[in-house]
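The values are calculated or read from the model by the stated rules, or taken from the named source; none is laboratory data. What you are looking at is a predicted structure, and each value in this text was computed from that prediction instead of being measured. With ideal geometry, Cβ positions are generated from the backbone for all residues, glycine too; neighbour counts draw on all protein chains shown. These area figures cover heavy atoms from the full protein model, side chains too; ligands, DNA and RNA do not enter into them. Shrake-Rupley method; radii C 1.70, N 1.55, O 1.52, S 1.80 Å.
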Amino acid sequence: MVTTQGSLYNKYRPITFSEVVGQDTIITILRNAVKLNRVANAYLFRGSRGSGKTSTARILCRSANCINFQNDICGTCDGCLHAIKDAMEIDAASNRGIADVTALIETLQYRPKFVDKRFVIIDEAHQLTSAALNALLKIVEEPPKHITFIFCTTKSLDTPKTETDKAFATLSSRCQSFDFTTVGPEAILIKLKRICIAEKVNLPDEVLISIVGKADGSLRDAENILETAILLSIGNSTETIVNSLVGDVEFLSAEFLRACCLGTVSDGLVVANKIWQSGCLPVEVGERCCRFIFDVISLKSGLTVYRPSAIVSLLREISEHIEQNRLHKVAVAMSDLKRTRLDSVLSLELTVCDSQDDSLVASVSNSFVDDGDFHIVSPDAVKW
């Protein structure tokens, strides 16, 4: 019986540098900064969701105030125990205006109550308005000695377009920047197994591997999905758990990709109509198929793919029988489907035709039946 109180994500959130998963280089730099007393006045933590940005910010806050810091916090001194009490964590999604920033700047003139160094952690910092970002420039560049800013964001700074983007890029230039990568599947799997041991839960590897694939590099998502899997595991088979976690669209998308890569046109059309009748959106199918194509390439390279075994079998079959030129053609067709604005079965059917050899598509074009909707193809029109 599981006795977890609160979500697994919060229960097993890292509280020391050594517990952070998948960000070794960043952790090494921050750990050395604390050791040498060279913590910067401002940091920018940029990366995908669930990669550990906010958790690392909190750990840096405790570490910089730890009296006995060696390679990690001691966990017992006043700095470790009270640093978060003096820290200010702000959600920029709901406190994004000039008035909010002005009030923050006024507050920062006062020294912290419990520790020597106060950290200001601003989540989703890119959502601050351009006026708010500009108001922060001066204090971020020359903050009081007891203040360190940490801006956390999921936004890329490659192509600033709006005034807010430009203001955020300007603010970022005042910060020491770190790019948090998506967490590797092996690291996520290890963390999930550790949680299962701690929670005294026995889940099959098939379930854990399926969770890793669905999480798509987000450790937070993986832990939340694991919580669902634990609840599903009571009285259900492994197959039922996997099917419930992954969903029909995942399996149908894999079947659709196989039909486009290896099957006949009629095979593809049958799967396309099955997908449409199930209620799956063509855009979702395109997104998943693009990920599956990456998995096919991984399998061709001898790498491990973290998907349910039924899906891996289909992808392995594709990898063993498809030629490079054909795979490239299918990838282009799936990319077009991913961006389609046509929310109908026609978009799926066109993708089937676009995935075929040019000579085959020419013969298929003569098999379209004009029924007023012009998307029905004779199932026996073309065979491989």
task: Compare E323, E186, E199 by solvent-accessible area with a 1.4 Å probe and give them largest first, with all protein chains kept in place.
output: E323, E186, E199
field: Mean Cα-pair separation over length for the chain, i.e. relative contact order, pairs under 8 Å, 6 or more apart, %
entry: 15 percent
field: Entries in K35/K155; K85/K145; K53/K161 that, when Cα-Cα distance is taken, lie over 23 Å
entry: K35/K155; K53/K161
- prompt: Just going by the charge dipole of the chain, with Lys and Arg at +1 and Asp and Glu at -1 on Cβ, which of G52, F17, A40 is farthest out on the positive end?
  reply: A40
- prompt: How big is the antiparallel share of DSSP beta bridges in the chain, given as a percent to the nearest 5?
  reply: 10 percent
- prompt: Using +1 on the beta carbon of Lys and Arg, -1 on that of Asp and Glu, and nothing else charged, what's the dipole of the range 1-61 about the Cα centre, debye to 20?
  reply: 160 debye
Accessible area expressed per residue, the chain, with surrounding protein chains retained (probe 1.4 Å, Å²): 50 Å²
query: Projected onto the charge dipole of the chain (+1 at Lys/Arg Cβ, -1 at Asp/Glu Cβ, origin at the Cα centre), which of S94, L232, T148 gives the Cα projection farthest towards the positive end?
result: T148
statement: Heavy-atom accessible area of the range 262-328 with neighbours in place, 1.4 angstrom probe: carbon+sulfur share in percent works out to 50 percent
task: Under 20 Å Cα to Cα from K117, which aspartates and glutamates show up? Leave out anything in the same chain fewer than 8 places away.
output: D72, D78, D86, E89, E106, E141, E142
query: For the range 1-126, treating each Cα as an identical point scatterer without solvent, what Debye log10 I(q)/I(0) comes out at q = 0.13, 0.15 1/Å?
result: -0.59, -0.77
message: Per 0.36 nm of contour for each residue apart, how much would the distance between L281 and E163 grow if the chain were fully extended, relative to their Cα-Cα spacing?
response: 39.0 nm
query: Which FRET efficiency value, to the nearest 0.05, do you get for I84 and T170 by plugging their Cβ-Cβ distance into 1/(1 + (r/R0)^6) with R0 = 25 Å?
result: 0.25
task: Leaving ligands, DNA and RNA out of it, report the carbon-plus-sulfur percent of the accessible area of the range 137-226 at a 1.4 Å probe.
output: 50 percent
message: Run lengths n ≥ 4 of DSSP H only: what is the helix-derived mean residue ellipticity at 222 nm for the chain, with -39500 (n - 2.57) per run over all residues, to the nearest 500?
response: -17000 deg cm²/dmol
- prompt: Sorted by packing (mean other beta-carbon atoms within 10 Å per residue), highest first, where do 256-262, 128-134 land?
  reply: 256-262, 128-134
query: With every protein chain kept in the model, how would you rank I197, I297, I122 by accessible area, 1.4 Å probe, largest at the top?
result: I197, I297, I122
- line: Partner lysines whose C-alpha sits under 18 Å from that of K193, ignoring same-chain residues fewer than 8 away, are K11, K214
message: Suppose we take every Cα in the range 258-326 and form the convex hull; what volume per residue is that in Å³?
response: 94 Å³
- request: Using a 10 Å cut-off on Cβ atoms, rank the peptides 341-350, 231-240 from the highest mean neighbour count down.
  value: 341-350, 231-240
- line: Rounded to the nearest 10 Å², the accessible area of V330 using a 1.4 Å probe with every protein chain kept is 0 Å²
Ranked by how many other beta carbons lie within 10 Å on average, peptides 142-148, 175-181 from highest: 175-181, 142-148
field: Accessible-area ranking of R194, R13, largest first, probe 1.4 Å
entry: R194, R13
Global form of the range 97-188, assessed from the alpha-carbon gyration tensor, a/c cut-off 1.5: oblate
- line: Between T240 and T181, the FRET efficiency computed from the C-beta separation at R0 = 30 Å comes out, to the nearest 0.05, as 0.35
- prompt: What relative contact order, as a whole-number percentage, does the range 102-240 give when Cα pairs under 8 Å and 6 or more residues apart are counted?
  reply: 20 percent
task: Please tell me the relative contact order of the range 168-250 in percent, rounded to the nearest whole number, where contacts are Cα pairs under 8 Å and at least six residues apart.
output: 29 percent
